[in-house]
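The structure under discussion appears below in the form of structure tokens.
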Amino acid sequence: MPAKGPRPGAATASAAARQRARAAALERRVAEQRRRQSLARRRRLRYGGVLGLIVVIVTGLIVLSRVRSGAAVRAFNQASEAAGCTPVKDTGANLSHRHLGPGERVTYSTSPPSGGDHNPSPLSAGVYTTAFSDDPNATDSIYQAVHSLEHGYVEIWYGGSASDSQFQQLSQEFASETKVILSPYPQLTAGQTIGLATWGRLQTCQKVSIPQVRGFIDRFRLKTAPEPLAP
């Protein structure tokens, strides 16, 4: 009877099988590595594309904003010139924020006022048909109006009467405007029909121009005020 043992060539076949298995496993690892690398490249390209798109969009928005801002400034300047307006004066150097005491009066450095000492209580937005009093005890005083400027308001000072058609036109346009006050101001310089003020800025015009007033509001409301978030 022949002795038991591995058949001839069995060891060689087994070694070849193991070698093929190792080669197949290596091939799978290499394929998986390549797949992961390809996935990572696609991910990087995708993220890079998204980032590039964001950069392009943000840059475009900045450019568009500057173009629009420049166009708005040019339109405002043209409307101001047509209405015979003075340049916008910067009156904001060292304006006082002090609250006036009971019965205390103050003389403002500009007419109409564009900031300075004021009544502790500001006025609300809206149309006031009577000129503000310089009596510190009055219900609606000019000192309260100046406090509103500190909160980012724009004040439209009209040189005539509230019964004038131009005042009525301004009232219809701006009565419900946020942080805008309209009132008569008979003390305007001769030849000037309207004054526009926000904290530290003042402009007067010979004519009433709704686009010009709108331009002033858009440019300066809340922009120069020390307390723009106050009501």
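Of the residues that sit in the range 204-215 and are closer than 18 Å to SER163 by Cα and not small (Gly, Ala, Ser), which one is surrounded by the most Cβ atoms within 10 Å (Cβ to Cβ)?
VAL208
Please work out which residue is farthest from ALA75 (Cα to Cα), limiting yourself to the range 85-96 and to residues that are open to solvent by 80 Å² or more (accessible area, probe 1.4 Å) and out of contact with any strand residue (DSSP E or B) (no Cβ under 8 Å at 6 or more places or on another chain).
Per the stated criteria, the residue is ASN94.
Among the residues of the range 160-203, write down those that are surrounded by 16 or more Cβ atoms within 10 Å (Cβ to Cβ), over 18 Å from GLY126 (Cβ atoms), small (Gly, Ala, Ser) and modelled with pLDDT of 95 or more.
Across the range 160-203, the qualifying residue is only GLY200.
Return the only residue of PRO112, PRO231, PRO120 being assigned to a loop (DSSP other than H, G, I, E, B) and buried (at least 21 other Cβ atoms within 10 Å of the Cβ).
The match here is PRO112.
Looking at PRO226, PRO136, PRO231, which is the one that is touching a Gly at 6+ places or on another chain (Cβ under 7 Å), more than 24 Å from CYS85 (Cα to Cα) and modelled with pLDDT under 95?
The match here is PRO136.
Return the total of residues in the range 216-228 being surrounded by 16 or more Cβ atoms within 10 Å (Cβ to Cβ) and outside any loop (DSSP other than H, G, I, E, B).
4
Being touching a helix residue (DSSP H, G or I) at 6+ places or on another chain (Cβ under 7 Å) and not charged (D, E, K, R) narrows it down to one residue among ILE210, ILE194; which is it?
ILE210 is the lone residue from the list that is touching a helix residue (DSSP H, G or I) at 6+ places or on another chain (Cβ under 7 Å) and not charged (D, E, K, R).
Let me spell it out: the conditions are (1) touching a residue at least 12 places away in the same chain (Cβ under 8 Å); (2) under 23 Å from the mean Cα position of the chain (by Cα), and SER176 meets all of them except one. Which number is the exception?
Result: SER176 fails condition (1) only.
Results for (1) more than 20 Å from THR224 (Cβ to Cβ); (2) of a type outside the set (A, V, I, L, M, F, W, C), shown as yes or no for each residue.
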| residue | (1), (2) |
| --- | --- |
| LYS89 | no, yes |
| HIS97 | no, yes |
| PRO102 | yes, yes |
| ARG105 | yes, yes |
| PRO120 | yes, yes |
| LEU123 | no, no |
| GLY126 | yes, yes |
| ALA131 | yes, no |
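Pairs needed: first member in the range 143-166, under 15 Å from PHE220 (Cβ atoms); second member anywhere, assigned to a helix (DSSP H, G or I) and among the hydrophobic types (A, V, I, L, M, F, W, C); C-beta distance under 8 Å; at least 6 residues apart or different chains.
VAL154/PHE216; VAL154/ILE217; VAL154/PHE220; GLU155/ALA145; GLU155/LEU149; ILE156/LEU170; ILE156/PHE174; ILE156/VAL213
If a residue must be surrounded by fewer than 21 Cβ atoms within 10 Å (Cβ to Cβ) and either out of contact with any strand residue (DSSP E or B) (no Cβ under 6 Å at 6 or more places or on another chain) or of a type in the set (A, V, I, L, M) (or both), how many such residues does the range 123-134 contain?
Of the residues in that region, 8 qualify.
The values are calculated or read from the model by the stated rules, or taken from the named source; none is laboratory data. The structure displayed is predicted, hence computed values, not measured ones. Ideal geometry is used to build each Cβ from the backbone, glycine not excepted, and the neighbour counts take in all protein chains shown. Just the protein is used for accessible areas: all its heavy atoms, side chains included, with ligands, DNA and RNA removed. Shrake-Rupley method; radii C 1.70, N 1.55, O 1.52, S 1.80 Å.
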